[in-house]
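Following: one structure in structure tokens, then a few remarks.
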Amino acid sequence: MPQRDYILRLIEEMGAIMAALRDRILGRKTDHASLQDELTALSGRAGFDLALLRGFDGETLRMLVAPTGEVEPARCWMMAEILYLDGLEADVDDRRDDARASLDKARILYSLIEPAGGMLVGIVEAAARIEEIDRRLATLPEG
């Protein structure tokens, strides 16, 4: 049980960091290079390589979050949120193709955990994030 509590605290901490980064992205208070550095560092801290996540297709992402066939919700949410932030930053920076690619991948991951609803207090629910991604994708031109 102590290990589970530790993991939950880490997830909550990462959620707070991601929420703050989202606010900076949307507020355009940080330059592109700094945001990319922060996203890369955050991804590494979560145990992922951002460049690899960007390059994986949907099926590969599914295998990474469900290696035994059952989705690992915390891992899936973390990957989804990182790709969401990456897509959001690309959209704000007018890199439409990059935005669409990352947001599409984030949506795939969120859809794998959406039926479970919210995981932790302060962590955005997958269904809410899917709705936000769908609205944002609807404004992006097809590439």
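The values are calculated or read from the model by the stated rules, or taken from the named source; none is laboratory data. Everything numeric here is computed off the predicted structure, so don't read it as measured data. We place every Cβ from the backbone using ideal geometry, glycine too, and count neighbours over all the protein chains shown. Areas reflect the complete protein model, heavy atoms only, side chains present, ligands, DNA and RNA absent. Shrake-Rupley method; radii C 1.70, N 1.55, O 1.52, S 1.80 Å.
I'm trying to understand the selection: among the residues of segment 48-74, which are closer than 22 Å to Ala19 by Cβ and free of Cβ contacts under 8 Å to residues at least 24 places away in the same chain?
Glu72
Just checking: which of the helices (runs of 4 or more DSSP H) contained wholly in segment 12-124 hold 1 or more residues that are open to solvent by less than 60 Å² (accessible area, probe 1.4 Å), modelled with pLDDT of 90 or more and farther than 18 Å from Asp134 by Cβ?
The qualifying helices (runs of 4 or more DSSP H) are 32-45, 50-55, 58-65, 73-92.
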